[in-house]
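Each remark here refers to the structure printed beneath this line.
The values are calculated or read from the model by the stated rules, or taken from the named source; none is laboratory data. None of these values were measured; they are calculated from a predicted model. So basically every Cβ, Gly included, is an ideal-geometry build from the backbone, and we count neighbours across all protein chains shown. All accessible areas refer to the heavy atoms of the entire protein, side chains included, with ligands and DNA or RNA removed. Shrake-Rupley method; radii C 1.70, N 1.55, O 1.52, S 1.80 Å.
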Amino acid sequence: MPDGRKTFDDYDQADHPDSPVVRFGPDAALRLESGAVLESWQIAYQAYGVLNADKSNAILVCHALTGDQHVANENPVTRKPGWWPLMVGPGKPLDTNRFFVLCPNVLAGCMGTTGPASMNPATGRPWGIDFPMVTIADMVEAHMRLVDHLGIHRLFCIIGGSMGGMQVLQLASSYPDRVFSAIPLATAARLSAQNIAFDEVGRQAVMADPDWRGGRYLEQGTRPSKGLAVARMEAHITYLSEAALHRRFGRQFKEHNHPDFSFDAEFQIESYLRHQGVSFVERFDANSYLYITRAMDYFDLAAAHGGLSKAFHKTPTRFLVISFTSDWLFPTSDSRVLVRALNAGGASVGFVEVESDRGHDAFLLNEPVMFKAVQGFIDANAQMKGIA
Amino acid sequence: MILLSPSFESDATSRLDFLAIVRMVEQGARVLDVGCGDGELLALLRDLRGIDGRGIELTRSGVNACLAKGLAVIQGDADTDLEHYPDNGFDYVILSQTLQATRNPKTVLEHMLRIGSHAVVTFPNFGHWRVRFDLLIRGRMPVTESLPDNWYDTPNIHYCTIRDFVALCNELGAEMEQALAMSSTGNPLRLLAPWWFWNLFGAQGIFLLRRGRA
């Protein structure tokens, strides 16, 4: 990098992650929805707690677009705490003293599960944009290969927010008999046109950066850092809310109380967004961002089944659906569509819209009502399953 | 007539109408409680009858309380959400003290009879003598134990009497499997009392209905 900053690939997480990894060869090739086949691939994951003797206490956490498997431990790249410490840990709603909590990195990710930054075994070079397009269903197939590998037949619970929630819905729909309970948070059964539009702006920002080099930047020693940072800045706005932004930043200037009449980051909000953009580039691969946003765009569970209620017809899985009042990226109306389809399919479902002004990111933050609901749901289900 | 004998059941709640409903519901049934409040009745039915329970509740505070108890309750509205439930999905659909607060009680009752093989409905009786007294003698909208709110802040928009409700059941072709009325102190009225007696002295009506055989 010209300014000497590190980017994610300087840490070599894509091929050699700082977490357990399972490697599959041609005898366990992964056939993707597009028809492409990954002959050799790997999946990286983190696990917390102990799997009990009958392997009935496993919880699968599905991470969101820019998340990773490091839910509750220090992130090896950023050296910051995991992304969901309030939800996962000893004595937390997903109590690692009781449950075996598992979180895989998604397919097309850049933290150790095969993706565009991984080495293509056929060429000995990074996949780049030769990597096949993946879908949410493909991510879920990869997760289930890991679950099979660990000898777990039935997951006690699957949980995730945003794109993690999409994986939860896909998995519950594809494997109803292997999921006892499911918690989709701040999500939807399909991505809206508005969200596809936001994704497209992000991708165009990356691809407009001359350092993207047609997707071959890893081989050519450049990084589309500016493009990816802009994509992150744009996306980050959609994760917050007008009220939260105003409360935190208002119209405050960074240094003094008058304009400097420049295009520097004069307002605090500008400075904050630029920081978000720059720090994201350090830990994420630009091509991964393109692939994963595309996977979200394609997600439409209703279209895949000829009606959303058919995707969950007579499912034995117990659902808890949670949305947030100020989430305009995955608004409550999306969750209501889901809840009605689950009811029509005869599913057991709890649903609450949590009052919060923190926007889409609320599911990652300290929202006591969400924790109480998750805790109540987990405890009641654990009692039914006889998990101590 | 349900005799409320002292038992572990009556230790579990102070709501005598809830106890009457618990007695109506069979062990292990699938139950939908429409307007389930903080989930007290659903939790009672789960603990005493081992039901597979679901609920719908309008208020966020009620839903929060239910979910914290591990109950499968959705934030929703009887008037708009019942239509999304499939036919015969439940053994019992319960509407306790909520009928009079719905926008379209007749449609709600029709949906209940469609969704459940049984419907349980409890409601405050607007024909109770205290109500009649308030209107007839005092010329004021009644405020009683069963109808505690003033006219300007009550959620109740469709009052009915026990006889009105019976007429609606007949109109919908619903069969009454059990009917009882409770006095304002929560005691059940005599089984063989005539309708006019129930309608005058029953503070609440409690009905177990079944869809009529068409």
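Numbers at a glance
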item	result
Positions within segment A:33-49 being surrounded by 18 or more Cβ atoms within 10 Å (Cβ to Cβ) and among the hydrophobic types (A, V, I, L, M, F, W, C), in sequence order	A:LEU38, A:TRP41, A:ILE43, A:ALA44, A:ALA47
A:PRO368 on the phi < 0 side of the Ramachandran plot and within 13 Å of chain B (Cβ to nearest Cβ)	yes
Test: residue in segment A:344-357 that is away from every other protein chain (no Cβ under 12 Å) and not aliphatic (A, V, I, L, M)	yes
Verdict on A:GLN375 being within 13 Å of chain B (Cβ to nearest Cβ), in a helix (DSSP H, G or I) and in contact with a Pro (Cβ under 6 Å, 6 or more places away or on another chain)	yes
The listed residue being in contact with a Cys (Cβ under 7 Å, 6 or more places away or on another chain) and either among the hydrophobic types (A, V, I, L, M, F, W, C) or modelled with pLDDT of 95 or more (or both), out of A:GLN204, A:GLN167, A:GLN194	A:GLN167
Single condition B:MET112 does not satisfy, out of (1) within 12 Å of another protein chain (Cβ to nearest Cβ); (2) buried (at least 24 other Cβ atoms within 10 Å of the Cβ)	(1)
Criterion: surrounded by fewer than 23 Cβ atoms within 10 Å (Cβ to Cβ), of a type outside the set (Ser, Thr, Tyr) and part of a helix (DSSP H, G or I) - qualifying residue of A:ALA380, A:ALA388	A:ALA380
Those residues of segment A:312-335 which are open to solvent by 10 Å² or more (accessible area, probe 1.4 Å), more than 8 Å from chain B (Cβ to nearest Cβ) and not aromatic (Phe, Trp, Tyr), in sequence order	A:HIS313, A:LYS314, A:THR315, A:PRO316, A:THR325, A:SER326, A:LEU329, A:PRO331, A:THR332, A:SER333, A:ASP334
Subset tally (residues that are surrounded by 13 or more Cβ atoms within 10 Å (Cβ to Cβ) and farther than 21 Å from A:PRO76 by Cβ) for segment A:7-28	2
Residue in segment B:77-92 that is touching a Ser or Thr at 6+ places or on another chain (Cβ under 8 Å), under 19 Å from A:THR315 (Cα atoms), surrounded by fewer than 19 Cβ atoms within 10 Å (Cβ to Cβ) and within 11 Å of chain A (Cβ to nearest Cβ) present	yes
Total residues in segment B:67-76, condition under 18 Å from the mean Cα position of the chain (by Cα) and either at the interface with chain A (Cβ under 7 Å from one of its Cβ atoms) or surrounded by 23 or more Cβ atoms within 10 Å (Cβ to Cβ) (or both)	1
Residue within segment B:125-137 that is surrounded by fewer than 17 Cβ atoms within 10 Å (Cβ to Cβ), within 14 Å of chain A (Cβ to nearest Cβ) and in contact with a helix residue (DSSP H, G or I) (Cβ under 9 Å, 6 or more places away or on another chain) present	no
Checklist (1) outside any loop (DSSP other than H, G, I, E, B); (2) within 27 Å of A:VAL369 (Cβ to Cβ) applied to A:VAL278, failing item	(2)
Unique match (being of a type in the set (S, T, N, Q) and open to solvent by less than 10 Å² (accessible area, probe 1.4 Å)) among A:ASN120, A:ASN105	A:ASN105
Helices (runs of 4 or more DSSP H) contained in segment B:8-58 and holding at least 3 residues open to solvent by less than 40 Å² (accessible area, probe 1.4 Å) and under 21 Å from A:ALA347 (Cα atoms)	B:40-49
